[in-house]
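The values are calculated or read from the model by the stated rules, or taken from the named source; none is laboratory data. Here the structure is a predicted model, which is why all the values come from computation and not from measurement. Because the Cβ atoms are built from the backbone with ideal geometry, glycine has one as well, and the counts that use them run over all protein chains shown.
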Amino acid sequence: MRSTGKAVDALRAADAAWLKAYNARDVERSTAFFDKQGTVLLANGPMVTGKKALAKFVASGFAMRDYKIGWRASKAGVAESGELGFTSGAYRMSFKDAAGKTVSDKGKYLMVWKKQADGVWKALFDISNSDLPRFVAGV
């Protein structure tokens, strides 16, 4: 796994561009960063796979009141073959619930990227999990 070079720079740039699309609250542009077989793997929830399901998932986040998200890749690497890569780092997000209370989360993420035939990196897997303690109902 290489952690330097043009391919890694392109991967880091794709990760940063994806965040810009999210911050612009652009569902189409945000969803376009996923590979056609792209999947989001969230803690405590089902997998979200495919462009249509991913667009619905992304739009649901943008629909939350005062939704904010940010992430920053602290590590990136590309396989020797040049076909797969990863970015990983920390994220923060927040939104207001139905009562107007701010809900915040922070954690870490890992994105597995696949280089497309045209040389563009697209996310194959987007995995995140919180650093905050898990809430257990009734305990």
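Of the set (1) in contact (Cβ under 8 Å) with a residue 40 or more places away in the chain; (2) within 22 Å of LYS114 (Cβ to Cβ); (3) among the β-branched types (Val, Ile, Thr), all apply to VAL58 but (1). THR87 falls short on exactly one of the conditions (1) in contact with a helix residue (DSSP H, G or I) (Cβ under 7 Å, 6 or more places away or on another chain); (2) free of Cβ contacts under 8 Å to residues at least 12 places away in the same chain, and that condition is (2). If we scan segment 83-90, do we find a residue that is over 16 Å from MET111 (Cβ atoms) and surrounded by fewer than 15 Cβ atoms within 10 Å (Cβ to Cβ)? Among the residues of segment 83-90, not one is over 16 Å from MET111 (Cβ atoms) and surrounded by fewer than 15 Cβ atoms within 10 Å (Cβ to Cβ), which makes the answer no.
Take SER74 and decide whether it is within 25 Å of GLY5 (Cα to Cα), in contact with a Ser or Thr (Cβ under 8 Å, 6 or more places away or on another chain) and loosely packed, with under 13 Cβ neighbours inside 10 Å. Against the criterion (within 25 Å of GLY5 (Cα to Cα), in contact with a Ser or Thr (Cβ under 8 Å, 6 or more places away or on another chain) and loosely packed, with under 13 Cβ neighbours inside 10 Å), SER74 qualifies. Per the conditions (1) assigned to a helix (DSSP H, G or I); (2) modelled with pLDDT of 95 or more; (3) surrounded by 13 or more Cβ atoms within 10 Å (Cβ to Cβ), the sole criterion not satisfied by GLU28 is (3).
The set of residues from segment 35-75 being of a type in the set (A, V, I, L, M) and under 14 Å from the mean Cα position of the chain (by Cα) comprises VAL40, LEU41, LEU42, ALA43, MET47, VAL48, LEU54, ALA55, VAL58, ALA59, ILE69, ALA73. Evaluate segment 95-116: report whether one residue or more is surrounded by fewer than 16 Cβ atoms within 10 Å (Cβ to Cβ), touching a helix residue (DSSP H, G or I) at 6+ places or on another chain (Cβ under 8 Å), more than 26 Å from ARG134 (Cβ to Cβ) and in contact (Cβ under 8 Å) with a residue 24 or more places away in the chain. No, segment 95-116 has no match at all.
VAL58 passes every criterion in (1) aliphatic (A, V, I, L, M); (2) out of contact with any Phe, Trp or Tyr (no Cβ under 7 Å at 6 or more places or on another chain); (3) surrounded by 16 or more Cβ atoms within 10 Å (Cβ to Cβ); (4) farther than 23 Å from ASP131 by Cβ apart from (4).
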